[in-house]
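J.: Handing you a structure now.
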Amino acid sequence: MTIDKKNKKNGSATVVVNAPLNNRGRLGREIKRHTSVYLLLLIPLIYYIIFKYVPIWNAQIAFKDFQARRGVLGSAWIGLQNFSDFINSFYFWELLRNTVFYSVGKIIISLPLSILLAIAIYECTRPVLRKIVQTLAYLPHFLSWVIMYGILLSLLAPADGVLNDIIRLCGGTPIDFLSNVSAFPWVVLISDAWKEMGWSAIIFIAALMGIDVSLFEAAMVEGANSWQRIRYITLPAIRPVIVTVLLLKIGTILDAGFDQIYMLYSPPVYSVADIIDTWVYRQGLLQFEFGLATAVGLFKGVFGMILMLISNKLVSRMNEGSSIF
């Protein structure tokens, strides 16, 4: 309610009551005004509802002896039996070891390479060369692992692979990289770095673009060379971004890359290639042990959520109060 100015004739004050704004009507007008935007939002919203939220209801079969004929509600409750069977099984530690090994290995190899690539692109003074390198580095990210597998097979095949041709030319013995227990982990780690290094470098390039150019100019006046500028200006400036990306990757440490492993692995390398995701796929879809597979997936999800919360706390402490969410 607002009071208007006094009436000049009789000196009385006019009271004007402002009706409360109809929030529902305003929301309707905004939706009508931006219909195209909300229609675009509808697509990912439906996706998340169908594939992310609806499956939460079916996650209860992790605590049941699930029988397809009886359905989710008709199957008998068995409590934590599925979790106990998985943790006490002989393959638990092997799966956990392989999953953590590939996740940590990808962080150790891919993260430094992404930072180096970002710095190299940022320091490049030739625009044409910079664009060519960026394009070639980004391109593998947009290729599926099915296509990447074909490329790797042509490079690593024991009979006519390019790499084995070079080994044979040098007098060595050809190696079946995709079936060799010792070589397979390195194929996974290096191929992942090759595929994702350029895409991961984007966030670091964005951070580098935010550095004040006058700092580099002042360093050049003082006689600092390129390595000194990178050490004392570039790396400290992007340190918060590096820490955030590192902790985010740690938060998803049980996601070792199902698509990649599934395309590359085979029974001879199961001992070093099998991870939690591939095992869940085989148990759930191929052997129809849906309850056990769901229990393992739920275990992985809860563990990942705990790691994500811990990572958020660490980011908040190390980046002076800023957090992931």
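J.: What Kirkwood radius, in Å to one decimal, follows from the Cα pairs of the stretch 25-79?
T.: With all distinct Cα pairs of the stretch 25-79 included, I get 14.1 Å.
J.: Another question about this same structure. Modelled label-to-label distance, Val213 and Ser266, 7 Å Cα→beta-carbon offset: nm?
T.: Placing both labels 7 Å beyond Cα along the Cβ direction yields 5.4 nm.
J.: Beta carbons within 10 angstrom, averaged per residue: use that to sort the peptides 219-226, 286-293, 306-313, highest first.
T.: 286-293, 306-313, 219-226
J.: Same structure, new question: Have a look at Pro236, Pro185, Pro112 and tell me which one the Gaussian network model of the chain (Cα, springs below 10 Å) gives the largest fluctuation.
T.: Pro236
J.: Would you mind computing, in nm to one decimal, how far apart the modelled labels at Phe101 and Ile190 are, each placed 7 Å from Cα along Cα→Cβ?
T.: The answer from the label model is 1.7 nm.
J.: When you count, for each residue, the other Cβ atoms within 10 Å and take the mean per peptide, how do 26-32, 255-261 rank with the highest first?
T.: Highest mean packing first, the order is 255-261, 26-32.
J.: At a 10 angstrom cut-off on C-beta neighbours, averaged per residue, how do the peptides 209-215, 105-111 rank from highest to lowest?
T.: 105-111, 209-215
J.: For the stretch 89-318, just list the percent of Cα-Cα distances falling in each 10 Å bin from zero outward, please.
T.: Bin by bin from 0 Å, the calculated values are 7, 25, 29, 23, 12, 3, 0.
J.: Can you tell me how much longer the chain between Lys131 and Gln228 gets when fully stretched, taken as 0.36 nm per residue apart minus their C-alpha distance, in nm with one decimal? Write down the numbers at each step before the final one.
T.: Values: separation 97, 0.36 × 97 = 34.92 nm, distance 2.54 nm.
Full-extension gain reported as 32.4 nm.
J.: When the scattering of the stretch 197-265 is computed by the Debye formula from its Cα atoms alone, each counted once and equally, what is log10 I(q)/I(0) at q = 0.20, 0.21, 0.25 Å⁻¹?
T.: Normalising to I(0) and taking log10 leaves -0.89, -0.94, -1.12.
J.: With a sphere of radius 10 Å drawn around the Cβ of Gln81, what net charge do the other residues whose Cβ falls strictly inside it have (Lys, Arg +1; Asp, Glu -1)?
T.: Once positives and negatives cancel, what remains is -1.
J.: Moving on. How far, in nm, would the chain grow between Tyr48 and Leu169 when pulled straight, counting 0.36 nm per residue and subtracting the alpha carbon separation?
T.: Working: separation 121, 0.36 × 121 = 43.56 nm, distance 5.26 nm.
The span from Tyr48 to Leu169 would gain 38.3 nm if fully extended.
We did not get these values from a lab; they are worked out from the coordinates using the rules stated. Quick caveat, the model's predicted, so the values are computed rather than measured. Quick reminder, even Gly has a Cβ in these numbers, built from the backbone with ideal geometry, and neighbours come from all protein chains shown.
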